[in-house]
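Trainee: Before I ask anything, here is the structure I am working with.
The values are calculated or read from the model by the stated rules, or taken from the named source; none is laboratory data. Since we're looking at a predicted model, the values are computed, not measured. Note that each Cβ is placed from the backbone with ideal geometry, even for glycine, and that neighbours are counted across all protein chains shown. Only protein heavy atoms, including side chains, enter the accessible area calculation; ligands, DNA and RNA are left aside. Shrake-Rupley method; radii C 1.70, N 1.55, O 1.52, S 1.80 Å.
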Amino acid sequence: MSTTTTRKVVIEPVTRVEGHGKVTILLDEAGQVERARLHIVEFRGFERFIQGRPFWEMPVAVQRLCGICPVSHHLAAAKAMDRIVGGENLTPTAEKMRRLMHYGQMFQSHSLHFFHLASPDLLFGFGADPELRNVIAVAGKFPELGKQGIMMRKYGQEIIRMTAGKKIHGTGAIPGGINKNLTIAERDELLVELDQMKIWARAAVKIARDYTVDNLEMALGFGSFESSHMSIVRADGAMDLYDGGLRAITADGKTIFDHVDNQRYADYIAEEVKPWSYMKFPFIKSIGPENGWYRVGPLARVNACDFIDTPEAEAVRQEFMAVTDGKPNNVTLAYHWTRMIETLHAVEKIEELLHDPDLQGDDLVVKGERRNETVGIIEAPRGTLFHHYVVDDNDQVVMANLIVSTTSNNEPMNRAVEGVAKKYLSGREITEGLLNHVEVAIRAYDPCLSCATHALGQMPLVVDLVDASGALLDTRKRG
Amino acid sequence: MNDEIIFFIDGVQVTGRPGQTIIEAADEAGVYIPRLCHYPGIEAWGSCRVCTVAANGRPCSACTQPITTGLVVENDTETLREYRKSIIEMLFVEGNHFCMFCEKSGDCELQALAYRMGITAPRYPYLWPEREVDASHPDVIIDRNRCILCARCVRVSRDVDGKAVFQFVERGPEKKLTVNAEARLKDTDLDVTDEALDVCPVGALLKKRVGYAVPVGERMYDQEPIGSDIESNTDAAPAAATEVEA
């Protein structure tokens, strides 16, 4: 038996997140939280085993590292391979088909997270009976919400099927273009449910907005902290989820860098390795590894952009920014609100595209000057996604580096975990409900842990309670 | 001289011609016998054994066995279906077949046979062999991970293209497809227009930079199972095949 009285709590597995993770909470002799960490215990390995494969396989092969937002990897790899074949200036049909695919994915992924993963916490309370904190209970007590989540997800998945060929792991995007257009019949099928999707998306923004505003005082102290924010933005500063230059801003909105050419990302972003996690820690080079970390994802995108180019989403963005007087919002729980703003933006973009005749065009692929090194960057639902490849003269991939959004959010998630653990767990008897508070902070980021490392398992999380000598005192596992 | 040969497949009377193999006559009659190494118009090989049938009770490959008058062929029986499934499963485990990202997916005969036979997972352990990829040619790639040693490319290159670019070396588990050159594929006289490139049943021999151009839903086997084209050979079927009492 340990002679010291310091303790460690382990949450393993973390539930209602995509992937497999573990939280360790170290308690001192007085029961105060000394340190808390999120460990990612999966290993990905994709960068290694795609070496030697032909480059045109990348958009189809690399997306297999995830089943939740494979479209992000499909499109990031396709954007990278566009440059290998000199086809980065896509035809209007190809670019719009890819954008439709991407907005469909954003719509379904955000809906999945909000309605299926996050809503149990928001509707029933962070410390509610675990029997209640799941999507089945949501469907039972709030059947209309449960239905909306399922139907919104289905709508996004149908868009993916019509643009990529399959709901999961399609093959639509190819180097230099796309392999199909949208038929009139497909377009008309999507138009049937469009108005309903807009109604539900508006309602979801209101739910998320009301929750955040009504609980603002709690949210301000719930794993919140000041941070830099990064995303790609369009040349005119508009939010653009598919393409744009990199922009990073400080916690109070000052520009760190702007409109950075995607091919030069490595001049601005580097990655640090820490011994206790398989996930790397990216940072902004000009600030350094200690303070150069940043947030990505819906909160960072809404903070970083100058405006949203669809009217309804822009209106709710302005309402969101007004809460912080136009300055960046650094509240962790505000991710939910921004995620729903993007969901509304996505459905507005879908509407715009469905009425665009370019989607029925036949000019699908373009090629030009061959290159050997390439970077493709896209805004995945969870944040900025980097795909970097080197291809040899035989068309084989010889180097690949992927920086996925959850990796960029690694340090922020650790900060959120530690903040919540210190506030809610210190000096108290550790209960399941209190441990869920830690998970709520992680869930706000909608992390995809399998993506961020290298998936071998399901998606649960573990919490360990350990004393000062390192002895394990308690473990809670779920999932 | 009589130019008709009457024989039977699974109790159905089939009319063939002298010199035909069982599989050739069956194809014309609209009866599908699964196959992998067989390819119309080139020398029969008989190596994959997927087309194994029982001819007068004796197992043989339908692609090499000539038809004879009165021959009784068993094709679609429980025993033979199991043998064929077993062969297909062994082909899957002895190579590295990742259908999920293979550009031949949907057009692959091995995959299509597995679907037709209802194979969801092989019953044998995967061997995970180390196989070499040869991407040295500017327009063609050999991915030996997917090669099933059917020799279609060997025969077509030799007999149709007149080049003999491909050959096998080694034996048993070590047997592999190689090229007729000191070093790599780029050192051969293979051209991207060679017919040998169009006959690979799997994704082992591929033209570069054209993968995934056909969308899901429009690939060869997305709509109908492999063999459907033969089974829908209605021009031949009514005239050539008549059900009779066995």
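Trainee: Residues of segment B:180-194 being open to solvent by 70 Å² or more (accessible area, probe 1.4 Å) and of a type outside the set (Lys, Arg), which ones?
Mentor: Hits for segment B:180-194 are B:ASN180, B:GLU182, B:ASP187, B:ASP189, B:THR193.
Trainee: Of everything in segment A:430-468, what is at pLDDT 70 or above, open to solvent by 20 Å² or more (accessible area, probe 1.4 Å) and in a loop (DSSP other than H, G, I, E, B)? Give them in sequence order.
Mentor: The answer is A:THR431, and nothing else.
Trainee: Something else now. Test A:MET218 against the stated conditions and say whether it is open to solvent by less than 70 Å² (accessible area, probe 1.4 Å) and in the same structural domain as A:ASP258 (by TED's automatic domain parsing).
Mentor: No.
Trainee: Name the pairs whose Cβ atoms lie under 7 Å apart, with the first residue in segment B:197-216 and at positive phi, the second among the hydrophobic types (A, V, I, L, M, F, W, C), and 6 or more positions between them or separate chains?
Mentor: The qualifying pairs are B:ARG209/A:TRP56; B:TYR212/A:TRP56; B:TYR212/A:VAL60; B:TYR212/A:ILE174.
Residues are listed down the side, and each one gets a yes or a no for (1) open to solvent by 20 Å² or more (accessible area, probe 1.4 Å); (2) acidic (Asp, Glu); (3) under 18 Å from the mean Cα position of the chain (by Cα):
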| position | (1), (2), (3) |
| --- | --- |
| B:ARG146 | no, no, yes |
| B:ALA151 | no, no, yes |
| B:GLU170 | yes, yes, no |
| B:THR178 | yes, no, no |
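Trainee: Still on this model: Does segment B:18-41 contain at least one residue that is part of a strand (DSSP E or B), in contact (Cβ under 8 Å) with a residue 24 or more places away in the chain and open to solvent by 10 Å² or more (accessible area, probe 1.4 Å)?
Mentor: Yes: one or more hits.
Trainee: Related question: Looking at A:HIS336, is it closer than 20 Å to A:GLU158 by Cα, outside any loop (DSSP other than H, G, I, E, B) and in the same structural domain as A:MET162 (by TED's automatic domain parsing)?
Mentor: Judged against the criteria, A:HIS336 is not a match.
Trainee: Something else: So B:SER86 passes all but one of these: (1) in a helix (DSSP H, G or I); (2) open to solvent by 40 Å² or more (accessible area, probe 1.4 Å). Which condition number does it fail?
Mentor: (2) is the only condition that B:SER86 fails.
Trainee: Find the residue count for segment A:92-122, including only residues that are touching a Cys at 6+ places or on another chain (Cβ under 8 Å) and either within 14 Å of another protein chain (Cβ to nearest Cβ) or hydroxyl-bearing (Ser, Thr, Tyr) (or both).
Mentor: Taking segment A:92-122 first, the residues touching a Cys at 6+ places or on another chain (Cβ under 8 Å) are A:105, A:109.
Restricting the remaining residues to those that are either within 14 Å of another protein chain (Cβ to nearest Cβ) or hydroxyl-bearing (Ser, Thr, Tyr) (or both) gives A:109.
Total meeting the criteria: 1.
Trainee: Farther than 16 Å from A:LYS327 by Cα, out of contact with any helix residue (DSSP H, G or I) (no Cβ under 9 Å at 6 or more places or on another chain) and surrounded by 17 or more Cβ atoms within 10 Å (Cβ to Cβ): which single residue out of A:ASP240, A:ASP236, A:ASP258 fits that description?
Mentor: Residue meeting the stated conditions: A:ASP240.
Quick grid of which residues meet (1) in contact with an Asp or Glu (Cβ under 7 Å, 6 or more places away or on another chain); (2) more than 14 Å from chain B (Cβ to nearest Cβ); (3) open to solvent by 10 Å² or more (accessible area, probe 1.4 Å); (4) within 30 Å of A:SER227 (Cα to Cα):
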position: A:PHE307; (1), (2), (3), (4): yes, yes, yes, yes
position: A:THR310; (1), (2), (3), (4): yes, yes, no, yes
position: A:THR324; (1), (2), (3), (4): no, yes, yes, yes
position: A:MET340; (1), (2), (3), (4): no, yes, no, yes
position: A:VAL347; (1), (2), (3), (4): no, yes, no, yes
position: A:HIS355; (1), (2), (3), (4): no, yes, yes, no
position: A:LEU359; (1), (2), (3), (4): no, yes, no, no
position: A:ILE378; (1), (2), (3), (4): no, yes, no, yes
position: A:VAL397; (1), (2), (3), (4): no, no, no, no
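Trainee: Here's a follow-up. Please go through segment A:196-215 and give me each residue that is open to solvent by 30 Å² or more (accessible area, probe 1.4 Å) and either free of Cβ contacts under 8 Å to residues at least 60 places away in the same chain or not in a helix (DSSP H, G or I) (or both), ordered by number.
Mentor: Of all residues in segment A:196-215, those open to solvent by 30 Å² or more (accessible area, probe 1.4 Å) come to A:196, A:199, A:202-203, A:206-207, A:209-211, A:213-215.
Correct list: A:GLN196, A:ILE199, A:ALA203, A:LYS206, A:ASP210, A:ASP214, A:ASN215.
Trainee: A follow-up question, please. Quick check on A:THR171: is it surrounded by 15 or more Cβ atoms within 10 Å (Cβ to Cβ) and more than 21 Å from A:ALA118 (Cβ to Cβ)?
Mentor: Yes.
Trainee: So which residues in segment A:293-312 are farther than 15 Å from A:ILE232 by Cβ and of a type in the set (Ser, Thr, Tyr)?
Mentor: Across segment A:293-312, the qualifying residue is only A:THR310.
Trainee: Go through (1) open to solvent by 10 Å² or more (accessible area, probe 1.4 Å); (2) part of a helix (DSSP H, G or I); (3) more than 11 Å from every other protein chain (Cβ to nearest Cβ) and name the single condition A:ASN89 misses.
Mentor: (2)
Trainee: Considering (1) in contact (Cβ under 8 Å) with a residue 40 or more places away in the chain; (2) in a helix (DSSP H, G or I), say which one A:PRO130 fails and leave the rest.
Mentor: (2)
Trainee: Continuing with this model, one more query. Given the criterion assigned to a helix (DSSP H, G or I), within 14 Å of chain B (Cβ to nearest Cβ) and surrounded by fewer than 19 Cβ atoms within 10 Å (Cβ to Cβ), identify the matching residue among A:ALA185, A:ALA266.
Mentor: A:ALA185
Trainee: Where residues in segment B:214-228 are at the interface with chain A (Cβ under 9 Å from one of its Cβ atoms) and aliphatic (A, V, I, L, M), which of them is farthest from A:TRP56 (Cα to Cα)?
Mentor: My answer is B:VAL216.
Trainee: Restricting to segment A:16-59, and then to whatever is under 23 Å from the mean Cα position of the chain (by Cα) and on the phi > 0 side of the Ramachandran plot, can you tell me which residue is modelled with the highest pLDDT?
Mentor: A:GLY45
Trainee: Checking the conditions here, which among A:GLY292, A:GLY288 is closer than 25 Å to A:ILE25 by Cα and out of contact with any Gly (no Cβ under 7 Å at 6 or more places or on another chain)?
Mentor: A:GLY292
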